[in-house]
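See structure below.
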Amino acid sequence: LVEKYQPDLIGTQEGAPDQIEFFTSNMSFASLGECAGECKWNERNSIFYKPERWEVLENTTFALSDPPGVYRSSRDR
């Protein structure tokens, strides 16, 4: 689908390292995103973009959790 539609932006949830490597190495995407929490399984929530079409003006990562900004599941409490 990526090759067919040629998107400029792709968002992932809990992407594995091999998936991230595929998009950045084989598909010429750059990426933004950090590991969620302790990164136990090296999963990242990433945004992939075509750097020839987009310029990053600002980049930050935050957690939608209780308490806000803490990387952990509310289920863990």
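No value in this document is a laboratory result; all are computed from the given coordinates. Remember, it's a predicted structure, so these values are computed and weren't measured experimentally. Cβ coordinates were reconstructed from backbone atoms using ideal geometry, including for glycine residues, and neighbour counts include every protein chain displayed.
Here are the numbers for the structure shown:
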item	result
Mean shadow area of segment 1-58, taken as a quarter of the surface of its Cα convex hull (nm²)	4.3
Percent RCO, i.e. relative contact order, over segment 1-58, from Cα pairs under 8 Å lying at least 6 residues apart	41
Order of 58, 34 under a 10 Å beta carbon neighbour criterion, fewest first	58, 34
